1. Check whether at least one residue in the range 22-45 is modelled with pLDDT of 75 or more, among the β-branched types (V, I, T) and closer than 27 Å to S180 by Cβ, and report yes or no.
2. I want to confirm something. Restricting to the range 10-21 and keeping residues that are under 25 Å from R126 (Cβ atoms) and outside any helix (DSSP H, G or I), which single residue is modelled with the lowest pLDDT?
3. What number of residues in the range 134-158 are open to solvent by 40 Å² or more (accessible area, probe 1.4 Å) and either of a type in the set (G, A, S) or over 21 Å from the mean Cα position of the chain (by Cα) (or both)?
4. Do any residues in the range 182-194 that are under 18 Å from R91 (Cβ atoms) have Cβ atoms under 6 Å from those of residues that are open to solvent by 20 Å² or more (accessible area, probe 1.4 Å) and modelled with pLDDT of 90 or more, where the two are at least six apart or on different chains, and which pairs are they?
5. Go through (1) among the small types (G, A, S); (2) more than 16 Å from I191 (Cα to Cα); (3) at pLDDT below 85 for S87 and report which single condition fails.
6. Test each condition in (1) under 13 Å from the mean Cα position of the chain (by Cα); (2) surrounded by fewer than 18 Cβ atoms within 10 Å (Cβ to Cβ); (3) not in a loop (DSSP other than H, G, I, E, B) for I191 and report the one that comes out false.
7. Which ranges mark the helices (runs of 4 or more DSSP H) fully within the range 101-180 that have 2 or more residues being touching a residue at least 12 places away in the same chain (Cβ under 8 Å) and closer than 30 Å to F50 by Cα?
8. Pick from S108, S182, S198: which is among the polar types (S, T, N, Q) and exposed (fewer than 14 other Cβ atoms within 10 Å of the Cβ)?
Amino acid sequence: MAEEENAPRNPEALTEEQAGRMFAGMNDIIRAGEEMRALRSEMIKLFAGFGWTQDKIARLAEMSQPAVSKQVAKYGTGDPEPAMELSLDQRDIPWLEGRLWGLAEEISESFPGAARCTPYLNAIARGRRRFTSQNVDDLRRLVEEDLRRHRAELPGGYREAYDEISRGLDVPSKAAATASASVRRALGCQIQRDRLRSGGSRA
C-alpha cells in the first residue's frame, strides 16, 4: 500500500483539483438545468391559466403537445391562478431582481466582452450564483459601473430604469405577489428587456 501511495503519478493524468473543478462545472450546469426545467413547468401552468391552448404553448416552448398536456395535467385544473399584473411598476423583490437581471443582460449584449456584469450573468445562467441579497447587491454595483463607463453610448432610459430598480430594492414592498419568485423574476426580466428595446423604462 505504501508503495502505491508513494509511486510517482502519471504526469498526463488529471489532478484531484482539476477533476474537482470539472465535476463542479458539470454539477453547476446540471443544477441550472433542473431549475430551468422547473421554471418552464411553472410557466406552462401560468400560460395555461391565461387560457392559452396547449398547441400554442407547445409551439412557443418547442415541446411536443403531449409533453405540454402532461405538464398541465400534473398541476390539475383546480381553481384558476389570480390574475397577474405585468406592469413594470411593481415593488416586490423578485420582480425588481428580474428587472435588474434584464437590464444587466441588455447592457451585456450591448457591449460584448466589455461589460463588467457579463461574468456575473454567466454565473447566474449556469446556476453558480443565486439571487441572494449579497449577489443582488454585487450585480447592482457591476451594473452601475457599466452605466458609468458606457454612459455616452447608452440611452437615458437605462439609467432611469436602474435608479427605479435600486430605489425599489432599497425599500421593497411587503405586499404579497402572485406566482413563485422564479416566475416573477423571469417575467420581470423579459418585460424590462422589452421595455428597454422599445425605448422606454416604465410600463
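The values are calculated or read from the model by the stated rules, or taken from the named source; none is laboratory data. In this text, all values refer to a predicted model and were calculated from it rather than measured experimentally. With ideal geometry, Cβ positions are generated from the backbone for all residues, glycine too; neighbour counts draw on all protein chains shown. Surface areas here come from the heavy atoms of the whole protein model, side chains and all, with no ligands, DNA or RNA. Shrake-Rupley method; radii C 1.70, N 1.55, O 1.52, S 1.80 Å.
1. So far as the range 22-45 goes, yes, one or more of its residues are modelled with pLDDT of 75 or more, among the β-branched types (V, I, T) and closer than 27 Å to S180 by Cβ.
2. First, pick out the residues of the range 10-21 that are under 25 Å from R126 (Cβ atoms): 14-21.
Among the residues that remain, those that are also outside any helix (DSSP H, G or I) are: 14-15.
Numbers: L14: 69, T15: 75.
Going through the qualifying residues, I end up with L14.
3. To start, the set of residues in the range 134-158 that are open to solvent by 40 Å² or more (accessible area, probe 1.4 Å) comprises 134, 137, 141, 144-145, 148-149, 151-153, 155-156.
Now restrict to residues that are either of a type in the set (G, A, S) or over 21 Å from the mean Cα position of the chain (by Cα) (or both): 148-149, 151-153, 155-156.
So the count comes out to 7.
4. Within 6 Å, the pairs are R184/P94; R185/P94; C189/W101.
5. (2)
6. All conditions are met except number (2).
7. On the way: elements: 118-125, 133-149, 156-170.
The qualifying helices (runs of 4 or more DSSP H) are 118-125, 156-170.
8. Numbers: S108 fails: exposed (fewer than 14 other Cβ atoms within 10 Å of the Cβ); S182 fails: exposed (fewer than 14 other Cβ atoms within 10 Å of the Cβ).
Answer to the check: S198.
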